[in-house]
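The structure appears below as structure tokens.
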Amino acid sequence: MAVDSIDVQLPSGKSYKQPIGLFVNNEYILPKAGKKFETINPSTGKPICEVYEAKEEDVDVAVEAAVKAFKFGSEYRSLTSQARGKLLTKLADLMERDVEVLATIESLDNGKSISMARMDVQLSANCIRYYGGWCDKIHGKTMEVENSRFMYTRHEPVGVCGQIIPWNFPLLMWSWKIGPAIACGNVVVLKTAEQTPLSALKACELVKEAGFPAGVINVLSGFGKIAGDALARHDKVDKVAFTGSTVVGRAIMKASAESNLKKVTLELGGKSPNIIFNDADIDQAVKWSNFGIYYNHGQCCCAGSRIYVQEGIYDKFVQKFIETAKATVVGDPFKEDTFQGPQVSQLQFDRIMGYIRAGRDEGAKIEIGGERHGEEGYFIQPTVITNVNQKMKIMQEEIFGPVVAIAKFTDIEDVIEKAHDTTYGLAAAVFTTNLKTAIQVSNRLEAGTVWVNSYNTIHHQLPFGGFKQSGIGRELGKYALHEYTHVKGVHLNLEMPAPIY
Ligand code: NAI
Ligand code: MG
């Protein structure tokens, strides 16, 4: 049964139409059990509205819709690759057309500042458009060995892709997942994070408007242990792509192993080192490092949460870093000049405050911040911690908040050892004006992304993913296409006689 959109009130006093059903077969439908759950506005801690919750049986319905859309001879499978590309580029255009409403929903549901939310929508559209361009450029190779035979490869879609995304970049993660999956000719059942279901549901209106055949993109709101697990375990799901915590990444691999051995890609946590050498342009290093940790309120898998500063400039760097951090505009995400809004949930707020407490208890020094900001909502002051050592919990575990630890190092060997001393390997940065240092250190760093003299400038053309326990596989760029295709080798016998035994 179809479900109507509801009017959702915005802080400005205006309202917009929010779809709340499960998006299956291009319709917003009622789940079988008909249950709803609330999504919270993290700026106030109060509910925004309720959306319908997918349970196991609804995952089945969505997977069936995807299987049908993927059937050989279906409308979708009969599209030319260029026509498929046009669906994505049209979707990107529509996202740009609706940037204001999408960004507003993102700010409301996630708490990110409106200026950053607009950037997220633009980055999302860029990603979708980029993959639209790939559709008619995905092909195999020919291998001519001898006259009697001919061989070639085909890059075929994997099939039904289960995708599970987090709450830190709701629309952007939706785009990173859907873009390459569709580019390769797959169909999708995506589960959003329970904290932030709204923007993806709204964007599904655009999926329909862009002209995607029914069942190609299906989006479910629901909880990880129920709908997420059902997707990861489903026998008719051919691949699962996940972004989130390392703990859940493990659970997803296990679910795949215990079911049909579906392909798994994981984009997990990080504890990324940001290394500042004596010869760095200190003012630029300070500004980028602030952006490196406080962007998206520190809720960034690649956040530069461990800053290592070489002895010669340590004191000066810390002093300037603190001055810059103090100037961060924290508050109402709907104010144009706000940089930092609230953390996404009470749970995340409590986790972060727990880490700050652990740092204090282990003898670290809280230079600034460390407390709640304001009276309501989940705001945390930008926090700078010094006097740390590698063994501390705050130096080993992902905090996922506006909290940075700054430590000192002596030389390259010292900092490489410290940088590598976690289970993660997602990202890293090097600040130096010496080309040799920049290249030699970035070559040695165990990280899927290295920034030289910048931070957090992710681009859809460059692959993103983790070394070590930060993940498996790559997203973005051409590299993501490998994760969404099977390569088939075909032998063509031209005039080879059968072997005689
Ligand atoms: P999470 O890993 O529990 O949630 C991410 C997604 O996985 C959500 O859609 C959730 O519903 C789903 N999920 C949860 N349990 C599942 C299961 N058993 N099977 C299938 N899907 C499941 O992350 P959470 O609890 O929201 O955040 C905890 C920590 O994870 C954060 O503090 C942060 O350290 C890390 N994290 C990392 C992210 C990244 O971008 N790599 C994003 C979000 C969180
Ligand atoms: Mg919310």
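The values are calculated or read from the model by the stated rules, or taken from the named source; none is laboratory data. Just so you know, these numbers come straight off a predicted model, no measurement behind them. All Cβ positions, glycine included, derive from the backbone under ideal geometry; neighbour counts span all protein chains shown. Remember, those area values only see protein heavy atoms, side chains included, never the ligands or the DNA or RNA. Shrake-Rupley method; radii C 1.70, N 1.55, O 1.52, S 1.80 Å.
Counting Lys and Arg as +1 and Asp and Glu as -1 over every other residue whose Cβ lies under 12 Å from the Cβ of Lys239, the net charge comes to +2. All other residues whose Cβ lies under 9 angstrom from that of Glu362 are scored, Lys and Arg at +1 and Asp and Glu at -1, for a net of +2.
Give me the extension gain from Glu376 to Ile412: residue separation times 0.36 nm, minus the current Cα-Cα distance, reported in nm with one decimal.
8.5 nm
The protection proxy used here, the mean number of other Cβ atoms lying within 10 Å of each residue, ranks peptides 223-232, 299-308 as follows, highest first: 299-308, 223-232.
Each label point was placed 7 Å from the Cα along the Cα-to-Cβ direction; for Thr80 and Asn389 their separation is 6.8 nm. Straight-line cross-link reach from Lys254 at under 22 Å between alpha-carbon atoms covers these lysines, not counting any fewer than eight positions away in the same chain: Lys55, Lys177, Lys191, Lys225, Lys236, Lys239, Lys262, Lys263, Lys468.
What the Cβ-Cβ distance of Gln284 and Ile6 gives, at R0 = 41 Å and to the nearest 0.05, is a FRET efficiency of 0.30.
Full extension from Lys17 to Glu209: what is 0.36 nm times the residue separation minus their Cα-Cα distance, to one decimal in nm?
Net length gain for the segment: 67.6 nm.
Taking a straight line from the alpha carbon of Lys335, these lysines sit under 29 Å away, with near neighbours fewer than eight places off in the same chain left out: Lys14, Lys17, Lys46, Lys112, Lys202, Lys287, Lys320, Lys326.
Once every DSSP H run of n ≥ 4 in the chain is given -39500 (n - 2.57) and the sum is divided by its residues, what mean residue ellipticity at 222 nm do you get, rounded to the nearest 500 deg cm²/dmol?
-11000 deg cm²/dmol
The length gained by stretching the chain between Arg154 and Glu50 to full extension, at 0.36 nm per residue less their Cα-Cα distance, is 33.0 nm. Within the shell of other residues whose beta carbon sits under 9 angstrom from the beta carbon of Ile164, the net charge comes to +2, with Lys and Arg scored +1 and Asp and Glu -1. Rolling a 1.4 angstrom probe over the chain with all protein chains present gives an accessible area of which 53% lies on carbon and sulfur atoms. Two tests apply to each whole DSSP H helix in the chain, Cα reach of 27 Å or more along its axis and mean Kyte-Doolittle hydropathy of at least 1.6, and none passes both. Couplings for the stretch 327-343, taken from phi via the Karplus curve 6.51 cos²θ - 1.76 cosθ + 1.60 with θ = phi - 60°, read 7, 4, 8, 9, x, 3, x, 7, 7, 4, 8, 6, 9, 10, x, x, 5 Hz in order; Gly and Pro are left as x.
Each peptide among 287-297, 127-137, 81-91, 384-394 gets the average number of other Cβ atoms lying within 10 Å of its residues, and from highest to lowest they stand as 287-297, 127-137, 81-91, 384-394.
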